[in-house]
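Inspection log for the structure reproduced underneath, given as structure tokens.
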Amino acid sequence: MPDRRELVTSIVTAVVAALACSVSIQFATPIDRALPFLAVVVVALNAPIAVLPLIVIENVIVDEPARLLAIGIVMAIAFAYASFERAPFVAFLAVLVLRWIPLHDVVIWRELIILAGAVAVAYVMNGATLAVVLGLFSPAWPAKVAVVLFVVAVLAAFRLRRVKSSGGMAVALLGLIIAFFPWSGVMARGWMAFIHQPRQAARIELRYALPPGRTMTIDVPEHAEALIVSGANVQRLPCGTVLGWMNGAPITAPDWGFMRREQFFASRNCYPRNPAGRIRGYGWSAWIDGAERILLPYGAKSIRIAVNPQLPKNALLQIEAFE
Amino acid sequence: MIAAAAIVLAILPFVFFRGAELVRALRNQFALYAFATGVWVFTRTVGATDFDPYIAIVFIAVAQLALIALQLRATAQPRNLATRFAVAAALVYTIILPAQLRSVIDGDEPFYLLVTESIVKDHDLDLANQYRDIAHTDTGRPDLVPQGGDPKGPHGEQYSRHEPFLPLLMVPGYALFGLPGALATIALFGVLLVRSLVRWFEDEGISDETIRALMPLIIFGPPLLFYAVRIWPEVPAAFCFVEALRGVRQRRAQRWIPALLALVMLKLRFVLIGVMFVPFVVRERKRALIALSILALPMLVIWIASGSATSVHSWRELMPVAPMPYLHGLFGLILDGAAGIAFQAPLYLLGIFALARWRSMPEGFRLGAIASVLYLVTLLPRAEWHGGWSPPLRYIVVFIPLLALGAAALYERSQAARAWLAPIAIWTIGLTVHGIAEPWRLFHIASGENAVGEWLSAMYQSDFSRLFPSFIRPNFAAIVGAIVLVMLLIPCAFVRQQTADSRQQTLDRSLSAVRCLLSAVCAAALVLFFHFGRLPGDRIEFEDTHVVHHGGELYPTQFQVARFLYRGGWLMKRGDSMSFLAKRGSYILFYTSTGPAVIEIGGKAVHLDTPPMAIVDVPATGRVTLTCVDGNINLDRMELR
């Protein structure tokens with residue numbers, strides 16, 4: 001335990017660091033605006049020196065993804081440095097960093113359940129990594145699932161205590177999770193994106209939303225290779241449900257917003273097979289839209305789209321763009 | 001090269017650790033690779049593609065060294081540190097060497113190599129034929145011509161001003177492997193220096209814990225890392241200096257005599273160090289004779305080679321001058337943004353503070369400091385105290401072991417010194433990555449700016465360079481820096497000395513608190529730095545990076561020999577313009593022109609016909625455009641009245 005002098009010094013340092021970071025904010029993303037909070041976290045992790053690179057990064061890296069990733073890497077190093085001791089505290093801070101940014105999107109009572117669960121697992125395991133992994137992947141909707149999950153996790157942790165979770169690989173895993181905290185929502189709900197990454201090419205926007213049973217013919221522009229489609233109000237349909245047909249070939253696509261945090265757990269959709277979505281939002285609210293790329297028939301001058309009449313009434317097939 | 005670096009870095013833990021510690025080190029290394037691979041794979045998903053992969057790889061390699069250094073600091077396992085660190089240095093220098101060869105050798109390096117080539121191929125020191133066929137030499141510099149003032153023989157021989165001893169040392173390496181062999185010779189001296197340095201630390205009573213904590217920063221950080229893989233006499237000289245000091249301290253003539261001889265033979269200026277050794281080694285007439293012979297020998301060699309005992313130097317350079325140049329040089333070597341210890345090798349700042357605790361420092365440190373006095377007193381007033389066209393700290397690399405010993409001794413005695421280690425390590429990692437990834441940027445023109453200042457100035461188009469102390473082109477930050485340094489040194493000198501036990505207790509108790517407060521102070525300073533950096537300053541130097549030039553050219557040209565002796569400026573002709581941030585107010589414009597000229601600034605025409613200065617007004621704070629309306633003009637600077 002730190003003595004009183006150390007505690008006072010740490011508090012003073014945290015206040016100064018938070019003020020310094022608050023003055024340094026240059027950009028409007030929730031991650032940039034959370035810099036003062038991150039400064040307090042690194043001081044709490046006993047790595048106050050990490051405040052300096054945070055300030056420098058905020059001031060010198062203009063490119064948004066590069067800046068956020070650099071902030072993430074600094075936080076990852078601070079957590080890796082601190083992860084060998086005070087596991088419950090480290091888990092507490094890690095869950096805050098992963099799930100409480102942006103703060104205005106946090107439903108406090110739901111998140112408190114997850115926070116308490118993660119701290120309990122870290123306490124029992126005497127290591128932060130498993131707790132942080134659970135904290136990352138636990139759903140806040142519905143809350144009862146989170147409660148059950150953590151009760152099971154705490155019980156399992158008693159059995160798993162002998163497994164050392166403070167080794168190099170555990171720290172690397174913890175670091176990797178923290179490094180991408182600016183997109184923690186994507187990590188939790190769209191982790192497939194990190195393996196099978198979505199890509200975008202130049203697009204010609206169409207923006208049609210077709211109800212069940214509707215048919216439509218569209219001229220294909222020159223050099224177009226693929227059609228970008230997604231579903232709307234189809235998140236409860238199982239994976240692989242045919243939403244319609246393109247020149248007779250079936251179209252399958254997930255709901256456009258099924259990876260949002262409120263919808264994800266209730267959804268039965270799968271990550272697109274040929275993903276074309278892009279990352280939206282920041283922190284725990286980050287998600288990827290479910291746009292899917294459908295290759296056009298070779299040499300087709302026009303395509304005929306027919307929407308499956310068997311779909312629910314409010315379902316829509318969204319024809320987003322040619323690519 | 002990447003694979004070779006990975007193999008070498010994988011071997012490194014075996015040099016230091018055994019058993020469980022070795023497993024831990026390898027696990028850490030594997031974890032770092034796993035983390036880096038993960039980040040690498042995932043960066044494309046989040047769209048973070050705006051970075052240089054080569055710099056990222058260098059960063060991972062340096063991070064790996066940092067991990068080993070951290071583990072070394074935390075463990076008490078490795079014994080026989082001298083050999084272990086020497087082997088580690090050999091491994092690391094082996095992989096840094098090809099990285100440095102990404103750019104052609106520069107500064108004095110090609111001249112040393114040319115002499116080596118001449119010795120190997122022609123068995124003489126005459127470089128005339130080398131210059132005639134310069135495209136076919138190993139220098140990779142087809143533009144190379146003799147340096148101004150290089151000695152010439154009666155029959156058209158062209159000699160180099162540089163002493164031939166270093167080229168002689170490089171002969172075997174060069175004969176076997178060409179340029180890489182020559183560089184490897186210097187690296188070998190770097191390895192010898194590391195071994196000798198650790199031994200010296202041990203001789204002077206520095207604990208193993210301190211050696212383990214500091215030595216990675218010393219051998220894998222600037223300036224030793226960069227001078228150990230480049231053709232300069234500084235690293236061999238540093239090795240000889242340490243060996244001479246050890247020999248004198250141990251009273252072993254067979255150690256100090258060859259070391260001192262090699263030291264003075266490397267470069268004539270090192271005779272000034274040798275002279276200061278004389279009172280410590282002369283105890284009988286025979287020794288005095290040996291010492292004097294050693295000091296006379298290099299002059300004899302140079303006289304035979306070039307016809308002058310002092311080569312391009314003169315005895316007048318030893319005469320005292322007015323006090324101001326000494327202060328310039330002294331504070332410049334410590335604080336200058338481009339060429340000072342504080343910004344280019346901050347660890348050795350602790351060595352400067354160690355001087356303030358003279359009485360409690362090891363005897364070897366005091367002996368070395370005394371031995372360096374004459375050299376420094378001669379160096380400080382020189383216009384080229386910063387080293388000219390070379391990597392930073394050229395002229396004081398020879399004393400880096402001395403400063404390292406001071407830093408180590410202070411680290412053992414002072415909690416503040418320990419608290420400073422984290423920011424120093426971060427800055428050193430940055431310098432190391434920068435120097436390995438972009439070796440050509442180790443050479444910086446002495447313009448009053450530095451790499452970081454230029455980078456930020458270009459990014460913000462605002463004068464960040466003025467916030468770095470510059471003694472090459474003195475600025476306000478230099479005055480502030482000098483005052484702060486003196487204010488820090490005074491209490492350091494009068495702080496109460498503690499006993500070993502109470503010292504350790506104090507260290508353990510308050511290190512964390514000091515570390516925290518230091519971080520808070522540094523954070524506040526950084527915020528102020530970025531805030532004031534974006535505001536206009538009181539002085540605009542027209543050649544600087546923050547000025548956006550539309551036409552015109554730099555004067556004197558960038559590679560003008562001894563450019564720092566000139567007032568720099570920007571040549572403009574009719575139609576050229578430039579813009580910069582300035583405060584509202586009345587300024588004195590410094591310029592030169594051969595005839596009348598008209599400029600427009602802030603929408604107002606100003607006739608310039610009485611050089612070297614004129615009064616101009618800036619109507620509002622913000623970006624100002626200055627246009628040359630008529631005539632030709634060399635604009636130097638603009639100062640707020």
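The values are calculated or read from the model by the stated rules, or taken from the named source; none is laboratory data. For clarity, every value in this text was computed on a predicted model and none was experimentally measured. Cβ placement follows ideal geometry from the backbone for every residue including glycine, while neighbour counts extend to all protein chains displayed. Ligands, DNA and RNA are excluded from the accessible area calculation, which covers all protein heavy atoms including side chains. Shrake-Rupley method; radii C 1.70, N 1.55, O 1.52, S 1.80 Å.
To test your reading of the geometry: what angle, between 0 and 90 degrees and rounded to tens, separates the Cα axis of helix A:87-99 from the longest principal axis of chain A?
30
Quantify how strongly other chains surround peptide B:422-430 by giving the mean number of their Cβ atoms within 10 Å of each of its Cβ atoms.
2
Relative to the longest principal axis of the C-alpha atoms of chain A, give the angle of the C-alpha long axis of helix A:35-44, reported between 0 and 90° and rounded to the nearest 10°.
Value to nearest ten degrees: 40.
Taking a probe of 1.4 Å, how large is the accessible area per residue of chain B, in Å²?
Per-residue value: 42 Å².
What residue among A:Tyr298, A:Tyr271, A:Tyr208 shows peak mean-square fluctuation when chain A is described by a Gaussian network model with Cα springs under 10 Å?
Of the options given, A:Tyr298 has the highest mean-square fluctuation.
Which whole-number percent is the relative contact order of region B:329-429 (Cα, under 8 Å, 6+ apart)?
Once divided by the residue count of region B:329-429, the mean separation gives 39 percent.
Taking square-rooted eigenvalues a ≥ b ≥ c of the alpha carbon gyration tensor, is the protein assembly as shown rounded, prolate or oblate, where a/c under 1.5 means rounded and, failing that, a/b exceeding b/c means prolate?
prolate
Check A:Ala226: other-chain or 5+ apart residues with amide H under 5 Å from its amide H, H built from backbone geometry?
Long-range HN contacts for A:Ala226: A:Leu296, A:Glu323.
Taking +1 at the Cβ of each Lys and Arg and -1 at the Cβ of each Asp and Glu, which of B:Ala259, B:Leu91, B:Gly622 sits farthest along the dipole of chain B towards its positive end, judged by Cα position relative to the Cα centre?
Farthest along the dipole direction, towards plus: B:Ala259.
Over the Cα atoms of region A:46-118, what radius of gyration and what Dmax do you get, in Å?
Answer for region A:46-118, Rg first and Dmax second: 13.9, 38 Å.
About the Cα centre of region A:235-323, what is the dipole size in debye to 20, counting +1 per Lys and Arg Cβ and -1 per Asp and Glu Cβ, all else neutral?
Roughly 80 debye for region A:235-323.
Can you tell me the Rg and Dmax of region B:260-344, counting just the alpha carbons, in angstroms?
Here Rg and the maximum Cα pair distance are 16.3, 47 Å.
In percent, how large is the relative contact order of chain A, given Cα pairs closer than 8 Å and 6 or more residues apart?
19
Treating only the Cβ atoms of Lys and Arg (+1) and Asp and Glu (-1) as charged, compute the dipole magnitude of chain A about its Cα centre; round to the nearest 20 debye.
940
When chain A is treated as a GNM, springs tying every alpha-carbon pair under 10 Å, which of A:Ile101, A:Ile288, A:Ile113 comes out with the largest mean-square fluctuation?
Most flexible of the set in this elastic network: A:Ile113.
How would you classify region B:184-299 from its alpha-carbon gyration tensor, with a ≥ b ≥ c the square roots of the eigenvalues: rounded for a/c under 1.5, else prolate if a/b is greater than b/c, otherwise oblate?
Note, shape of region B:184-299 comes out oblate.
Per residue of region B:242-254, what does 6.51 cos²θ - 1.76 cosθ + 1.60 with θ = phi - 60° give for ³J(HN,Hα)? Whole Hz please, x for Gly and Pro, Karplus curve as stated.
5, 5, 4, 5, 5, x, 5, 5, 8, 6, 10, 4, 5
I'd like the distance separating the alpha-carbon centroids of region B:273-311 and region B:152-172, in whole Å.
First find each Cα centre; the distance between them is then 20 Å.
Sort out for me the Cα centre separation of region A:71-135 from region B:1-78, rounded to whole Å.
Taking the Cα centre of region B:1-78 as reference, the centre of region A:71-135 is 25 Å away.
Could you work out the mean count of beta carbons from other protein chains within 10 Å of each residue's beta carbon in A:46-53?
Mean shielding count: 6.
About its Cα centre, what dipole magnitude does the protein assembly as shown give when the only charges are +1 on Lys and Arg Cβ and -1 on Asp and Glu Cβ, stated in debye to the nearest 20?
Its charge dipole is roughly 3080 debye.
What Cys residues in chain A are without a partner cysteine, judged by a Cβ distance under 4.7 Å?
A:Cys21
Please give the per residue volume of the convex hull enclosing the alpha carbon atoms of chain B, rounded to a whole number of Å³.
190
Considering only B:Pro233, B:Ile483, B:Thr75, whose Cα is most displaced toward the positive end of the charge dipole of chain B, charges sitting on Cβ of Lys, Arg (+1) and Asp, Glu (-1)?
Result: B:Thr75.
Summing both sides, how much accessible area is buried between A and B? Use a 1.4 Å probe and give Å² to the nearest 100. Can you show the working numbers first?
Details: alone 16190 and 28730 Å², together 41370 Å².
Chains A and B together bury roughly 3500 Å² of accessible area.
What part of the accessible area of the protein assembly as shown, given as a whole %, is carbon or sulfur when the probe is 1.4 angstrom?
64
For chain B, what does the helix formula give at 222 nm: sum of -39500 (n - 2.57) over DSSP H segments with n ≥ 4, over the residue count, nearest 500 deg cm²/dmol?
-19000 deg cm²/dmol
Please give, to one decimal in nm, the separation of the simple spin-label points placed at B:Leu300 and B:Leu535, each 7 Å out from Cα toward the Cβ.
Label-label distance for B:Leu300 and B:Leu535, simple model: 6.4 nm.
Evaluate the relative contact order of chain B (contact order divided by residue number), counting alpha-carbon pairs under 8 angstrom at least 6 apart; express in whole percent.
About 10 percent, as a whole number.
Mind running the shape call on region B:1-137? Use the C-alpha gyration tensor, a ≥ b ≥ c as the square roots of the eigenvalues: rounded below 1.5 for a/c, prolate if a/b tops b/c, oblate otherwise.
oblate
Rank A:Ile178, B:Leu379, B:Phe590 by how far each Cα sits towards the positive end of the charge dipole of the protein assembly as shown (+1 on Lys, Arg Cβ; -1 on Asp, Glu Cβ) and give me just the farthest.
Comparing the listed Cα positions along the dipole, A:Ile178 ranks first.
May I ask you to find the residues of region B:45-89 that are shielded by at least 30 Å² of accessible area once the whole protein assembly is considered instead of their isolated chain (probe 1.4 Å)?
Residues of region B:45-89 that lose at least 30 Å² of accessible area once the other chains are added: B:Thr45, B:Val46, B:Ala48, B:Asp50.
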